[in-house]
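Take a look at the structure set out below.
We did not get these values from a lab; they are worked out from the coordinates using the rules stated. Treat the numbers as computed from the prediction; the structure is a model and nothing was measured. Glycine also receives a Cβ, built like all others from the backbone with ideal geometry; neighbour counts cover every protein chain displayed.
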Ligand code: MF3
Ligand code: CO
Ligand code: CO
């Protein structure tokens, strides 16, 4: 059954109705709550598989559905990307070590709406370079969100992120991007985290999409490992990522995945 509402732009981007924002807020809140709840459990010696097992249980307990289990053959409720893993890290048996930084990315479906968010965590003592990388990546996401308003272009968002990151001598990953979402997981447009002002589709009220910049301390190039999922930096440099799901309103961005506990960044007290 096609339950889609609103209309499509010439670029195939769905313009949602006012009532659809509440569905996105429900889904976004659950995904953010799960990322809040996992925070105290990210500790030295913990396995990423155990973190994913807990997340899987919390999605079920909420009566929601994981968007990632069964998605293109992926089998887990989260992606957990440690250190030089850029994204799509598969939860496994390796134990977290002191100083490891990791992104946990959760997407849930609530009443048909998708909530997609990720943030950075640390096991044990946070190193200076890792701290700086995480701060710049978080701030790059927020600079991108600040560029969201009707009439701006997706190139404006990418340009804001790119200039912010490169001005701090770090690099923006080109090989992965944000995406439209709503009643689907990955919809048009591709939300690039680099670009030129005034290029790309124009933002309109009612568009829903993610912004999820990946930032490397070294070069931007990535490669995907033989498991067909895990993306790593080619130069083995540290990588970080933050992701929010947002909707465009007359005022700017409505962030669906705000942390109820105020633990989006930093995730530790
Ligand atoms: N949540 C990821 C994103 O931000 C997608 C993960 S797909 C998976 O778009 F299959 F790897 F889980
Ligand atoms: Co996403
Ligand atoms: Co995600």
> Listed highest first by mean packing, meaning other Cβ atoms within 10 Å per residue, what order do 127-139, 7-19 come in?
Replying inline: 127-139, 7-19
> Name the residues of region 175-195 whose amide N is less than 11 Å from a point 7 angstrom out from the Cα of residue 72 along the C-beta direction?
Replying inline: 176-177, 186
> Viscosity 1.567 mPa s, temperature 4 °C: Stokes-Einstein D of the chain from its Kirkwood Cα radius, in µm² per second?
Replying inline: 71
> Calculated FRET efficiency, residue 43 and residue 251, Cβ-Cβ r, R0 30 Å, to nearest 0.05?
Replying inline: 0.15
> So what's the gap between the Cα centers of region 215-269 and region 1-36, to the nearest angstrom?
Replying inline: 20
> Hey, any idea what the orientation-averaged projected area of the convex hull of region 159-240's Cα atoms comes to, in nm²?
Replying inline: 6.3
> Sorting 177, 87 on the 10 Å Cβ count, fewest up front, what's the list?
Replying inline: 177, 87
>> Per-residue counts of other Cβ atoms within 10 Å, averaged by peptide: what ranking do you get for 148-156, 205-213, highest first?
In response: 205-213, 148-156
>> Suppose R0 equals 51 Å. What FRET efficiency, 1/(1 + (r/R0)^6) with r the Cβ-Cβ distance, do residue 5 and residue 226 give to the nearest 0.05?
In response: 0.75
> Stretched out fully, how many nm does the piece from residue 235 to residue 174 gain, at 0.36 nm a residue minus the Cα gap?
Replying inline: 20.5 nm
